[in-house]
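As C-alpha cells, the structure follows; a few thoughts come after it.
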Amino acid sequence: MSDLHANSALFVRKEMLPPSDPPALESGAIKWLRENLFSGWLNSTLTVLGLAAIFFVLKLGLPWFLHGVWNANSLGECREIIAATWGEDAHGACWAVIRERWNQFMFGFYPRELYWRPVLALLLLMVALAPVLFSEKSNKLWIAGGVIAVLILWLSVSYGQWIPVGILVLLAAITGYLGSRGVHWPVNLLWFTGVYTGLAFWLLWGGTIWLPVVALLGFVVGWIAFRFASNAVGTIVGAGAGAIAAILWWYFAAGALSDTLTGLTGRTQPFWLRGVDSDEFGGFVLAFTIGIAGIAISLPMGIILALGRRSDMPLVKAICVGFIEFIRGVPLITLLFVASLLLNYFLPPGTNFDIILRVIIMVTLFSAAYIAEVIRGGLAALPRGQYEAADALGLDYWKAQRLIIMPQALKISIPGIVSSFIGLFKDTTLVVFVALLDPLKGITDAVRAAIEWKGVYWEPYIFVGAIFFIVCFSMSRYAMYLENKLKREHR
Amino acid sequence: MSDPHAVTREIDRSHMQVSDEVAIQITNMNKWYGAFHVLRDVNVTVNRGERIVICGPSGSGKSTLIRCINRLEEHQQGKIVVDGIELTNDLKNIDKVRSEVGMVFQHFNLFPHLTILENCTLAPIWVRKVPKKEAEATAMHFLEKVKIPEQANKYPGQLSGGQQQRVAIARSLCMKPRIMLFDEPTSALDPEMIKEVLDTMIELAEEGMTMLCVTHEMGFAQAVANRVIFMDQGQIVEQNEPKEFFNNPQSDRTKLFLSQILGH
C-alpha cells in the first residue's frame, strides 16, 4: 500500500464500507457553555450583561410578586398585610383583587345563579372541538373526556340543575349508539360539533330551545336542497339553490315554527331557559363567545373568499377582491362602530338585532378577509402539476379542491391562519369601544372604579394578559402539533 | 447507435394490434399562447391499439399537442374528437374524456399528502364511484404490475423518482383508461431509473394499450412504437414507421434532429 501515490489515478475498492454510527457528540455542560455563551470576548461580555439585566429585573419584580397577598377585602388591607409581614418599605402585589373579583373577570354581569350555563358551554366546547382537532383517538383524549364528565356532574350538583347531566347522558348515549353501529372516531362525535353551535347559543342567551333548533334545521333544509339541485343542474347552481332554500326557511318558516313550538311547550324547564341580555355579558365569557364564533365562521368563509379570488369567473372574482380589499383596508374599530351605530339605521325599524351578534359578524368578516389572503398564499405555493394531475384524473373543480388542493394549501397556510386566529382573539378586547365589557379594559375599569380597589394597577392587567397568553399560546402549540402530524416527507 | 437505454429484451407482439377504430381524431387544430402560434394546422388520426412516439426539439409544441387531447390546454381552432366525444367547452364532456384518458407527467405529480394506495384509489372512488374495497384491490393489482406493491402505505416523498413515476402510471391505470398519454415520462429521472419506467411502459404496450408518448427515448420508439411523429415549430414535419423514420428520414430538419440526438 505504501507505494500508492496520493495522486495516482487508479483506485479500486475491495469491499464496501458498512454504515457506522455518527461520532458521539462531545457533551458536557462546560463545553456547551463555552460554545454558546463564552465563545469570544464579545459573547462573554454580552452574557455577563444579560445575566446582570435578568438579575436586576428579578430583583425589582420578584419580591413584589412573592410578597403578593391573596386574602384581603381591599387594597388598603393588602398594604397593611404587606407592611405587617414584610416591613414598612416592602412592596407587594395585591392578588386579592383577582380572587375577590374573579367572577366579574370571568362572567361580567352575567346573573350569578346562571354561571353554570357559560361554564357548561365551555366544557361542551372542548367536547365539540375534539373531533375537529384530533383525528386519532388516544388515551389523553379519554382522560380529558373523563375530567369533563366529572366537571359536568359537579356543575349539576353544585347548581342543582339537571340539564348538564341530561346533556351529558344524551351525548354519551347517541355517541355510544353511533359507535355500536360502526361509526368510528371522529365521526361519531362530529354530529355534536354541529349541534353545539345551537346549544351554545341557547345556553348563553337562554330563551326557548326551539329558536336554535329551527335555525339549525335551516342548514339541513339547505343541504337537502343542495343535494337534489346539484344532482340535477350541477354544483354551483345547486349551492345557490341550497343557500336560497335555507334563507327562505329562516325568513318565512323559522320564526313561525319556533313560535308555535314554544307555544306548545311553554316555559317548562328543558325547553326554556331564563333569558340573559347581551349587555349582561362581559369578561372572558364575552371574549370567548366572540372569539370562538369568529374563528369558527371565518375559516370556511376565508376559504371561499380565497377560491373566489382565484376564480375564472369575472363577477365572482370582482366581488371577492372588492370584499377582501375593502375589509382589510378599514380598521376593525370602524367596522365595530358600524355594527353598533350605523347598522341600526339600515335595518327595518323595530328589529332588535343583538349587539354581540353584530360584533361577531363584523369580527368574522374582518378576520375572513385576512384568512382568505393567507390561504391564497398557500394556493399559490402549490405546484401547477397538482391541479393538472387532479384534472387529468377527471376530478371536477370541487372534488379537486376538496381532496387535492385544499388539504395541501391549508397545511401550508397553518402558521398564517393561526396568526389570524390569535389576532382575532386578542382583537375581541376592542369591543370595549362599542360599550361591551371586555376583560381587559371594560371589566378592569369597572373593578378599579370600586372604592375598595381604587389604585390597584398592575395586577388586573397581568392577570388578564396571562389568560390571553395561555389561550393564544395553546393555539400556537396546537398548530405546531398539527404541522408535525401532517409532515409527509422523511417520516 | 449509442443509446444507453436501447431496449434489448424480446418484445411480445401478440397483443399489439392496430384496429380500424379511430381513438383520437385531430383535424386542422390551431393553438395560440397569446400572439404566439404554438400549434399550426395539426392533423393526427390515432387508431385504437396504436403506439405513437412524438419527438422534436424543445418548444416544438409536442407536449402542448398531447395536453390538448385531455384539455389541459384549450385549442382555439379545429376539432379534437377523443373516443367519439368532441372536446368543447362543455365541462361534462371534458370530464368524461379525462376519465377515459390516462396521463403521466414529466414530474410525476403524485399527491404528496396521500399514501401511494390513496393516490391510486382516489379517482376511482370519487370519479368512478367504485366501492373503496374494490378500488383498493384494483390499485394493489396495478401496483403489483409496476412492481412496487410493498410501497403501498408509504408517501410519495419516501420513494425514488423511478418508483414515483411507476406509481403515477399505476394511478392512471386504476381508472382503466382506453388511451394513455405520456408527457416526457423519463426526462426528470436519473439514468438508472429510466429503464424501470421504460420497462413498465413496454409492458403496457405489449398489452395493446393505445399510447401517445412524448419522449426522447429512441430505443423505446424503435422497440414498441408503430409510428413516430416528428414536430418542429408547432407543426408535424414528418411521420413514419420507426424503422423508416430512423434509417431513412426524408426532411432535412428530421435528419439534423436525429443526427443531434443520436450522434453523441
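The values are calculated or read from the model by the stated rules, or taken from the named source; none is laboratory data. In this text the structure is predicted, and so the values were computed from the model without any measurement. Quick reminder, even Gly has a Cβ in these numbers, built from the backbone with ideal geometry, and neighbours come from all protein chains shown. Protein only, heavy atoms only, side chains kept; ligands, DNA and RNA dropped before computing areas. Shrake-Rupley method; radii C 1.70, N 1.55, O 1.52, S 1.80 Å.
Has the stretch B:73-89 got at least one residue that is basic (Lys, Arg), within 30 Å of B:GLU150 (Cβ to Cβ) and either within 8 Å of another protein chain (Cβ to nearest Cβ) or surrounded by fewer than 19 Cβ atoms within 10 Å (Cβ to Cβ) (or both)?
no
Residue check, B:VAL53 against (1) within 14 Å of chain A (Cβ to nearest Cβ); (2) in contact with a Phe, Trp or Tyr (Cβ under 8 Å, 6 or more places away or on another chain), all met but one. Which one?
Among (1) within 14 Å of chain A (Cβ to nearest Cβ); (2) in contact with a Phe, Trp or Tyr (Cβ under 8 Å, 6 or more places away or on another chain), the lone unmet condition for B:VAL53 is (1).
Please enumerate the residues belonging to the stretch A:144-196 that are open to solvent by 70 Å² or more (accessible area, probe 1.4 Å) and touching a Pro at 6+ places or on another chain (Cβ under 8 Å).
Within the stretch A:144-196, A:LEU153, A:VAL187, A:LEU190 meet the criteria.
Within the stretch B:227-257, how many residues are in contact (Cβ under 8 Å) with a residue 40 or more places away in the chain and not polar (S, T, N, Q)?
So the count comes out to 11.
If you check B:ARG48 against the conditions, is it out of contact with any helix residue (DSSP H, G or I) (no Cβ under 8 Å at 6 or more places or on another chain) and under 19 Å from B:LEU173 (Cα atoms)?
The answer is yes for B:ARG48.
Answer with yes or no whether A:GLY394 is in the same structural domain as A:VAL285 (by TED's automatic domain parsing), without any contact (Cβ under 8 Å) to a residue 60 or more places away in the chain and at positive phi. Explain how you work it out, then say what you get.
Details: in the same structural domain as A:VAL285 (by TED's automatic domain parsing): yes; without any contact (Cβ under 8 Å) to a residue 60 or more places away in the chain: yes; at positive phi: yes.
When the stated conditions are applied, A:GLY394 passes them.
Can you tell me which residue within the stretch B:123-154, out of those that are touching a residue at least 40 places away in the same chain (Cβ under 8 Å) and open to solvent by less than 30 Å² (accessible area, probe 1.4 Å), is nearest to A:ASP396 (Cα to Cα)?
Within the stretch B:123-154, the match that is nearest to A:ASP396 (Cα to Cα) is B:ALA123.
Across the stretch A:203-236, what is the number of residues that are in contact with a strand residue (DSSP E or B) (Cβ under 9 Å, 6 or more places away or on another chain) and assigned to a loop (DSSP other than H, G, I, E, B)?
Number of matching residues: 2.
Could you please give the count of residues in the stretch B:32-57 that are part of a loop (DSSP other than H, G, I, E, B), at negative phi and more than 17 Å from the chain's Cα centre (by Cα)?
Step one: filter the stretch B:32-57 for residues part of a loop (DSSP other than H, G, I, E, B), giving B:34-35, B:48-50, B:56-57.
So of that shortlist, the ones also at negative phi come out as B:35, B:48, B:50, B:57.
From what is left, the residues that are more than 17 Å from the chain's Cα centre (by Cα) are B:35, B:57.
Of the residues in the stretch B:32-57, 2 are part of a loop (DSSP other than H, G, I, E, B), at negative phi and more than 17 Å from the chain's Cα centre (by Cα).
Which residues, counting only those in the stretch A:402-461, are open to solvent by less than 30 Å² (accessible area, probe 1.4 Å), assigned to a helix (DSSP H, G or I) and touching a Gly at 6+ places or on another chain (Cβ under 7 Å)?
Correct list: A:ALA409, A:SER413, A:GLY416, A:LEU424, A:PHE425, A:THR428, A:PRO439, A:GLY442, A:ILE443.
Do we find that B:GLU184 is in contact (Cβ under 8 Å) with a residue 24 or more places away in the chain, open to solvent by less than 60 Å² (accessible area, probe 1.4 Å) and of a type in the set (Asp, Glu) in this structure?
In short, yes.
Right, A:TYR397: over 30 Å from A:ASN484 (Cβ atoms), within 10 Å of chain B (Cβ to nearest Cβ) and not hydrophobic (A, V, I, L, M, F, W, C) or not?
Against the criterion (over 30 Å from A:ASN484 (Cβ atoms), within 10 Å of chain B (Cβ to nearest Cβ) and not hydrophobic (A, V, I, L, M, F, W, C)), A:TYR397 qualifies.
So which residues in the stretch B:143-159 are within 14 Å of chain A (Cβ to nearest Cβ) and outside any helix (DSSP H, G or I), if there are any at all?
Quick first cut of the stretch B:143-159, residues within 14 Å of chain A (Cβ to nearest Cβ) only: B:151, B:153-159.
Once the filter is applied, which keeps residues that are within 14 Å of chain A (Cβ to nearest Cβ) and outside any helix (DSSP H, G or I), the stretch B:143-159 yields B:ASN153, B:LYS154, B:TYR155, B:LEU159.
From the list B:ILE194, B:ILE261, pick out the single residue that is touching a His at 6+ places or on another chain (Cβ under 9 Å), in contact (Cβ under 8 Å) with a residue 40 or more places away in the chain, open to solvent by 30 Å² or more (accessible area, probe 1.4 Å) and assigned to a helix (DSSP H, G or I).
B:ILE261
Considering only the stretch A:359-391, state which residues are more than 20 Å from A:LYS426 (Cβ to Cβ) and either not small (Gly, Ala, Ser) or not in a helix (DSSP H, G or I) (or both).
Across the stretch A:359-391, the qualifying residues are A:ILE375, A:ARG376, A:LEU379, A:LEU382, A:PRO383, A:ARG384, A:GLN386, A:TYR387, A:GLU388, A:ASP391.
Checking the structure you have, find out if any residue of the stretch B:161-168 is out of contact with any helix residue (DSSP H, G or I) (no Cβ under 6 Å at 6 or more places or on another chain), buried (at least 21 other Cβ atoms within 10 Å of the Cβ), touching a residue at least 60 places away in the same chain (Cβ under 8 Å) and not in a strand (DSSP E or B).
Within the stretch B:161-168, one or more residues are out of contact with any helix residue (DSSP H, G or I) (no Cβ under 6 Å at 6 or more places or on another chain), buried (at least 21 other Cβ atoms within 10 Å of the Cβ), touching a residue at least 60 places away in the same chain (Cβ under 8 Å) and not in a strand (DSSP E or B).
For every residue, the table says whether it meets (1) surrounded by fewer than 18 Cβ atoms within 10 Å (Cβ to Cβ); (2) under 16 Å from A:ALA287 (Cα atoms); (3) under 29 Å from the mean Cα position of the chain (by Cα); (4) of a type in the set (A, V, I, L, M, F, W, C).
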{"site": "A:GLY76", "(1), (2), (3), (4)": "yes, no, no, no"}
{"site": "A:ASP89", "(1), (2), (3), (4)": "yes, no, no, no"}
{"site": "A:GLY92", "(1), (2), (3), (4)": "no, no, no, no"}
{"site": "A:ILE98", "(1), (2), (3), (4)": "no, no, yes, yes"}
{"site": "A:PHE105", "(1), (2), (3), (4)": "no, yes, yes, yes"}
{"site": "A:TYR110", "(1), (2), (3), (4)": "no, yes, yes, no"}
{"site": "A:TRP116", "(1), (2), (3), (4)": "no, no, yes, yes"}
{"site": "A:VAL119", "(1), (2), (3), (4)": "no, yes, yes, yes"}
{"site": "A:ALA130", "(1), (2), (3), (4)": "no, no, yes, yes"}
